[in-house]
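The values are calculated or read from the model by the stated rules, or taken from the named source; none is laboratory data. This is a predicted model, so every value here is computed, not measured. Glycine gets a Cβ as well: all are built from the backbone with ideal geometry, and neighbour counts include every protein chain shown.
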Amino acid sequence: MSNARRPTTTARNRQLTSAYGNHDERHRQVPRVLVDSRRRGGGNRRGDEAEAMTCFARTPETQRDWVAETPAEAAAENERRVAALMDREPAIAAVIEACRSDAPCGSVPCFECARRFRRRFRGEMRRVAKVRGGTLELATIYLETITHGSLENVSVKRAHDRLRAQMRRSGFGNSIVIGGTEAAWKAREQIWILHVHALAIGVDAEAWDALEEKLAKSGRAMPLLVKNLNDPKRQLSYAQKFVTYHRPGRRTGKRPALPYPLPRDRLVELVRWWTRHRFEDFPFLFGARRRGGRIVPER
């Protein structure tokens, strides 16, 4: 957070608690089926690949990300989180409040620190895609269903290990998959869905089919969604998020449902889970590894 003087915590609570408020769950989740563009024959694969690489060429990494928050927006979100958490999790709120640009707290619930991590991570994804080449796709992959109140027991590491084992058995071979892990709240079902948004490089259609067959055992209607990567700047911005909203309404055409703040109990549950992890725990890597601050392909 910036070094500028802020209102007192009590004043912020009066001003900002309404941003999260006592939001109930009358906005219920409406199931929707997303279409796997690969299975619909979403364009010429080689043509899509060429278009994606052209997008990289004309989108310098120094340019502002498509949906990246500005520093002011990130600071404002931290203010809202402090106000919403002060009564239930004062220690977490105090850590976020004390964060400064010259002395970052490194806490996952801190939106300013999350913003910095996301920008670095997405930059690494774009760099690997440009260097490695091959068929580029964006995948949303189901990991686990969690009942409300049980999120604190979920291990990101175990979920990643399980997915990597499924990929090896599905024939991912020399493919590279790099993504971010999130827990999404589904109000209608009263569950969390742990999932990965990932950049996939060089994955065969047969490997996707085999993985989808394994994930189908979860009973989820759409455990795997794969799309061609046509707009890396925009699409990769979804690869890792640390947000405190959910989308309980109905999707309108291509536009997603409106976001609403998480109900207070779910916000607290999510933030407590975040604090059990480091930022470095959330990226999922298959066929790549971290070396210092960089992601290096293994193949």
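Before moving on, here are some points about what is shown:
Condition check ((1) farther than 26 Å from residue 127 by Cα; (2) at pLDDT 95 or above) across all residues:
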residue: 162; (1), (2): yes, yes
residue: 200; (1), (2): no, yes
residue: 209; (1), (2): yes, yes
residue: 234; (1), (2): no, no
residue: 243; (1), (2): no, no
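- All conditions in (1) without any contact (Cβ under 8 Å) to a residue 12 or more places away in the chain; (2) in contact with an Asp or Glu (Cβ under 7 Å, 6 or more places away or on another chain); (3) of a type in the set (Gly, Ala, Ser) hold for residue 159, with the sole exception of (1).
- In the set (1) of a type in the set (A, V, I, L, M); (2) under 29 Å from residue 89 (Cα atoms); (3) in contact with a Ser or Thr (Cβ under 7 Å, 6 or more places away or on another chain); (4) surrounded by fewer than 19 Cβ atoms within 10 Å (Cβ to Cβ), residue 268 fails one condition alone, (3).
- The condition of being within 17 Å of the chain's Cα centre (by Cα) and in contact (Cβ under 8 Å) with a residue 60 or more places away in the chain does not hold for residue 116.
- Residue in the range 155-178 that is β-branched (Val, Ile, Thr), surrounded by 19 or more Cβ atoms within 10 Å (Cβ to Cβ) and part of a loop (DSSP other than H, G, I, E, B) present: no
- Matching residues, the range 78-92, being aliphatic (A, V, I, L, M) and either touching a residue at least 24 places away in the same chain (Cβ under 8 Å) or assigned to a loop (DSSP other than H, G, I, E, B) (or both): 82, 83, 84, 85, 86, 92
- Restricting the range 181-219 to residues that are basic (Lys, Arg) and in contact (Cβ under 8 Å) with a residue 60 or more places away in the chain, the residue that is farthest from residue 160 (Cα to Cα): 188
- Failed item, numbered, when residue 75 is tested on (1) hydrophobic (A, V, I, L, M, F, W, C); (2) more than 30 Å from residue 206 (Cα to Cα); (3) under 16 Å from the mean Cα position of the chain (by Cα): (3)
A quick yes/no check of all residues on (1) under 15 Å from residue 201 (Cα atoms); (2) among the hydrophobic types (A, V, I, L, M, F, W, C):
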{"position": "110", "(1), (2)": "no, yes"}
{"position": "114", "(1), (2)": "no, yes"}
{"position": "118", "(1), (2)": "no, no"}
{"position": "130", "(1), (2)": "yes, no"}
{"position": "134", "(1), (2)": "yes, no"}
{"position": "146", "(1), (2)": "no, yes"}
{"position": "149", "(1), (2)": "no, no"}
{"position": "157", "(1), (2)": "no, no"}
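- Of all residues in the range 200-223, those being of a type in the set (D, E, K, R) and buried (at least 19 other Cβ atoms within 10 Å of the Cβ) number 1.
- Qualifying residue in the range 249-256 (condition: under 18 Å from residue 160 (Cβ atoms), among the basic types (Lys, Arg), modelled with pLDDT under 95 and surrounded by fewer than 20 Cβ atoms within 10 Å (Cβ to Cβ)): no
- Test set (1) part of a helix (DSSP H, G or I); (2) surrounded by fewer than 17 Cβ atoms within 10 Å (Cβ to Cβ) - residue 124 fails condition number: (2)
- Some residue of the range 133-142 being touching a residue at least 24 places away in the same chain (Cβ under 8 Å), more than 30 Å from residue 286 (Cα to Cα) and buried (at least 19 other Cβ atoms within 10 Å of the Cβ): no
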